[in-house]
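Below is one structure; the comments refer to it alone.
Since every read-out is calculated from the coordinates, none of them should be taken as a lab result. Keep in mind it's a predicted model, so treat the numbers as computed, not measured. Note that each Cβ is placed from the backbone with ideal geometry, even for glycine, and that neighbours are counted across all protein chains shown.
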Amino acid sequence: KTDLAATITPEDFGLVTSEAFMADIAAVQRQFGDLEKSLRLEHLSEGGQADRLKAEREAERKRREEALRRARKKEQQARDPKKKVALRIENKREFEKEQDKIDND
């Protein structure tokens, strides 16, 4: 005689463990939250657009600051005085042009 209870597992009947069940419940709850936001069209609301525009402006500002920092670092590393002055003039023209463009927007 063999013990049938030892050879049959809950998975044989399509049953899942409690951990897997709770993970599935959490996933479904997240989907419900996303669907709820979608139905309310929150991604198209003024608040959502304002946040997105603010994040884009911040990213653009950080990109400009990084470019300016790199240009200044390049100026510092230039040893030849003529090259250093030429770099400084080039950077000044470039970043003043960008600043004027930003100020006009």
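Some notes on this structure:
- Counting charges near Gln31 (Lys, Arg +1; Asp, Glu -1) among other residues having Cβ under 14 Å from its Cβ returns a value of -1.
- Förster-model FRET efficiency, 41 Å R0, Ser38 and Thr17, C-beta, rounded to 0.05: 0.85
- Length added when fully stretched, Arg52-Lys92, from 0.36 nm per residue minus Cα-Cα: 11.3 nm
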